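Data first, discussion second: the structure below is written as structure tokens.
Read-outs: derived from the displayed coordinates by stated rules, not from any lab. This structure is a prediction, so every number in the text was calculated from the model and none was measured. Here the Cβ is made from the backbone with ideal geometry for all residues, glycine too, and neighbour counts use every protein chain on show.
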Amino acid sequence: MSFSEVVILKPKAFLDVISGELVVADLLIENGKIKEIGQFNTENANEILLPDLILLPGLMDSHVHLIGNTESKGYESISESSYLDTIYGVENASKTLMAGFTTVRNVGAGYYADVALKRAIDAGVVPGPSMLVSGPALGITGGHCDTNLFPPEFDIQGQGVVDSPWEARKMVRTNRKYGADLIKFCATGGVMSRNTDVNAKQFTLDEMKAIVNEAHNHGMKVAAHAHGLEGIKAAIIAGADSIEHSSFIDTETTLLAIEKGTFLSMDIFVSDYILGEGAEKGILEESLEKERTVGRKQRENFANAHSLGAKISFGTDAGIFAHGQNARQFAYMVEWGMTNLEAIQAATIQTADLFGINNVGIIEPGFDADIIGVRSNPLTNIRTLENIAFVMKEGRVYKNN
């Protein structure tokens with residue numbers, strides 16, 4: 001929901017995320033978009049003086065879970081209703097926006113709560129980032145995207161459980177019917193699910209191909225959760241647009257991803273949270289043990305994938321850790337091989353490319369006025385992105401410290 005007032009932003013400078021240059025100029029904002037860049041002094045415009053701030057395009061996160069209580073883990077997580085989870089989602093969306101993330105992709109939510117949250121944000125009812133949403137994630141019976149915490153007499157399963165190519169196609173169609181923008185499916189077991197193996201491939205290749213083909217028929221992109229190598233490889237062959245986590249990807253499969261144009265979304269910050277605070281938050285010991293096998297290997301493979309030239313988006317798995325802390329991942333991406341600029345590009349132009357949207361991610365005339373401000377140069381201090389001083393989304397100021 002854009003803001004129609006004419007605004008002039010007068011910062012110290014702004015970052016051109018393509019060239020890596022700091023540009024000293026004002027930004028003229030009109031009808032929620034960047035109209036001109038230059039030096040302005042217009043009587044009919046509202047000037048916002050930001051002499052100590054460096055501006056950047058609004059950040060993006062390709063892997064979040066806004067719906068639900070981030071403090072509720074393990075068996076405790078099943079005690080809260082979808083209604084309460086959605087209310088928590090409102091708070092989580094606001095925290096995410098205030099942290100400078102103006103566009104996110106929500107990958108997995110029951111009862112289409114993410115669709116409802118997206119619509120409320122778009123209508124201006126609640127503050128939050130622009131959202132791309134998947135609805136319920138597709139998974140096999142007993143897999144990572146099933147509900148495995150209940151005993152059999154309850155006969156409970158995840159909403160997205162499908163066990164054949166045609167069931168999979170029908171679920172893709174159902175998600176689209178109820179407002180999903182993209183499809184997520186689980187190609188392997190996961191860290192946070194009970195009784196699944198992170199290395200075990202879930203879904204046959206035919207089932208994966210059916211999911212991707214049906215989604216692409218409707219113009220929807222596909223995100224595949226995959227830790228284990230065989231599941232990663234099968235999802236790439238099936239045509240998934242992004243591989244989430246990509247923990248055990250090897251050189252050969254990374255080169256396959258590069259050949260196919262597949263993005264890797266590697267959440268290399270979250271391991272420190274899971275292993276550092278997970279036990280006291282109620283994360284099951286089974287999950288902690290799995291994370292001990294995943295965390296460092298994923299980071300090593302991130303460094304290798306980057307060195308090979310893979311397309312890497314900025315995806316954090318926020319929701320496992322508290323929302324609003326997404327930017328902590330930047331320092332990890334730099335530690336494991338990226339330059340500061342490359343890490344910023346991952347959260348702007350690269351993720352915009354994955355999302356298939358061409359009106360965000362750059363400060364340039366004609367683009368949406370999704371703009372954030374920080375107090376020091378992020379090219380020399382990447383951690384400045386952890387403390388956002390200014391947030392504008394679609395021309396409306398939400399934060400100005």
Debye-sum result for segment 110-161 in log10 I(q)/I(0), which assumes one identical scatterer on each alpha carbon, at q = 0.23 Å⁻¹: -0.79
Kirkwood Rh (inverse of mean 1/r, distinct Cα pairs), segment 133-266, angstrom: 14.5
Least to most buried among Lys170, Lys209, Lys233 (fewest other Cβ within 10 Å first): Lys170, Lys209, Lys233
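Averaging the inverse of every distinct alpha carbon separation and then flipping it gives the Kirkwood radius. What is it for segment 272-391, in angstrom units?
On the way: mean 1/r = 0.0624 Å⁻¹.
Taking every pair of different Cα atoms in segment 272-391, averaging 1/r and inverting gives 16.0 Å.
Can you tally the net charge around Leu49? Count Lys and Arg as +1, Asp and Glu as -1, for every other residue whose Cβ sits under 14 Å from the Cβ of Leu49.
Net charge in that neighbourhood comes out at -1.
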Unit charges on C-beta of K, R, D, E only; dipole of segment 132-273, Debye: 500
Inter-probe distance in nm under a simple model that places probes 7 Å from Cα toward Cβ, at Ala303 and Glu5: 4.8
When each of Lys33/Lys177; Lys184/Lys281; Lys10/Lys35; Lys221/Lys393; Lys118/Lys170; Lys35/Lys311 is checked by Cα-Cα distance, pairs over 20 Å: Lys33/Lys177; Lys184/Lys281; Lys221/Lys393; Lys118/Lys170; Lys35/Lys311
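When Trp336, Trp166 are ordered from fewest to most other Cβ atoms inside 10 Å of their Cβ, what list results? Please list the in-between numbers first.
Values: Trp336 19, Trp166 12.
Fewest to most other Cβ atoms nearby, the residues stand as Trp166, Trp336.
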Calculated FRET value between Glu252 and Gln39, using beta carbons and R₀ = 45 Å, to 0.05: 0.30
Cβ-based net charge around Pro11, under 10 Å, with every Lys or Arg adding one and every Asp or Glu removing one: 0
Semi-axis lengths (Å, descending) of the ellipsoid that matches the C-alpha gyration tensor of segment 187-237: 21, 11, 9
For the chain, alpha-carbon Rg and Dmax in angstrom: 20.6, 71
Most mobile of His144, His216, His245 in a GNM of the chain (Cα contacts under 10 Å): His216
Approximate shape of segment 27-130 as ellipsoid semi-axes (Cα gyration tensor, √5λ), whole Å, largest first: 36, 14, 11
Length-normalised contact order of segment 59-355 in % [C-alpha pairs under 8 Å, at least 6 apart]: 19
Full-stretch length increase - Ala200, Glu80 - with 0.36 nm per residue and alpha-carbon distance subtracted: 40.2 nm
Modelled FRET efficiency - R0 41 Å, Glu153 with Asp122, Cβ distances, 0.05 increments: 0.50
Loop-resident sites, segment 53-144, for GluC sites (Glu not before Pro), counting at most 13 other Cβ within 10 Å (DSSP): Glu71
Fewest-first sequence of Leu53, Leu275 by Cβ atoms within 10 Å of each Cβ: Leu275, Leu53
Packing-based order for 296-304, 7-15, using average beta carbon neighbours within 10 Å, highest first: 7-15, 296-304
